[in-house]
Each structure stands twice: as C-alpha cells, then as structure tokens.
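Only the coordinates and a few stated rules stand behind these numbers; no lab work does. Here the structure is a predicted model, which means the values were calculated and not measured. Every residue, glycine among them, receives a Cβ derived from its backbone with ideal geometry; neighbour counts consider all protein chains shown.
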Amino acid sequence: MKNITFLFLLFPLSAQVLSNPADFRNAYQSAKQALQESATYENFWKMAKAAYEFATHGVAANRTEERKAIYQEGKDAADRARKMNPSGVEGHYWFGVNLGSWAETNGIMASLFAAGDLLSAAEQAARLNPRYLNAAPLALKARVLHKAPGWPVSVGNRDQAEADLRRALTLGGDRNRTVYKFLAELLIDKGNKAEAKALLQKGLQLPADAENPYADNKTVNEMQEILAKL
C-alpha cells in the first residue's frame, strides 16, 4: 500500500512576518510562553498553530522524533481548545492539522488509524465556519478524503473531495494558493490533467503572502514542480 500524504497545509494567521525557520521557532516559543501565562481558549489554539508551523517549517525533515513531539504538543493544545470552546472553529481545525501531520510523520498505519478522527475534526470545523482562513477547513476535509483509501479500508472519497474543493473556491479558497494545489493534485489522480494545469497556473498568479513568505515560497515551488511534469 502506498504512503498516505495528508497534509503540509499552511493557512497563515500571523501577527509577524515568517520568512525563515528561526521565525517559526520564535513564534512557537512566544506562543508557549503566552499559554503558560494564561490558559485561555485563544492561547491554546494559537499554541497549536505555532507548534504545527514550527514542526513543519522550522524543524529539519530528518529530525523525525522532534517533529513528532511538537505535533503531539500542538494536537494536545488544540484538543484542550476544542473542549474549552466546542463552537470555536480554531480548536477543531488546528487539532486536525496537527493530528494529520503527527500521523503522517508516524507512518502509514498511524495515518490510517487517524483518518476517521481527522475527518471528523475537519467536518466540524467546516460546519462551524467553512470560510475560516480562506476555506481551510474544506481543504483539510478534502485532503483527507482524497488521500485516504476508500471504503472498506478507510474514509476516502475522491468525488466528495472534489466537490468540497470546488465549494472552497466559492468561499474564499480562490485567494488560497493551497486550495488550487490540492484540487490540481486531485484532478491529476482522476486523469484530468488539462484542468489541473489551468488551476496550477491560476494559483501561481495569486499575490505573494507577505506575512508568511517562507511557507508560500514552498507551496509555489511544489506547484511549479507539479506543473513541469504535466
């Protein structure tokens, strides 16, 4: 069975410019300090967000155990947030992002085991606010449905994933480069390379993300690599 790659999602919501790996470490340490000083809902989900970003962009890919530990920390913080405020989209969304990244780092069996909980968190976030961070909850949900095996092995459903991503484009996702990337990758897997190419070209034309140029540049490079292979 092939590897399941759920994520590498980043939908920034930063008060500072994140332009290199050290910036993500600093943001993570600041979020941890804020949470130690005040255990509020906002500080819990912001800790989860900072942990995800730091593990993904601030820790080298070969430092697997460190990344696992930080994703776990983010997952735990987000879980506290969503229990404190079940109607808050942020707790559910950042729980899903950290869970998916943690599972992916732990391997295929962990990814399969986590798929149901990840889908549930993404669905809840999408129900609460599908427009959050330019339709990020719908993109997260669609990514799980795309990458997970279908029934009876897991929760995968490529047709539903496509419907969710197309809906995302009508709810702010047209300003989100990652939504174009996810939909293009899905369409390639479904054999529709022509539309995938057009989506990649359109996504690459979006304005640069001034708050998070490091992650945005990574997404641009990934999209250019996909486009070059079509």
Using a basic spin-label model with each label point 7 Å from the Cα along Cα→Cβ, how many nm lie between GLU37 and LEU204?
4.4
How far, in degrees from 0 to 90, does helix 21-37 lean away from the longest principal axis of the Cα atoms of the chain, to the nearest 10?
50
What is the angle, in °, between the Cα long axis of helix 193-204 and the longest principal axis of the Cα atoms in the chain? Nearest 10 is fine, range 0 to 90.
40
Can you give me the Cα centroid spacing of the stretch 135-154 and the stretch 18-63 in angstrom?
26
Students often forget the sequence filter, so: which lysines lie under 16 Å Cα-Cα from LYS218 once same-chain residues fewer than 8 apart are removed?
LYS181
For the chain, the longest principal axis of the Cα atoms and the Cα long axis of helix 108-128 enclose an angle in degrees, to the nearest 10, of 80
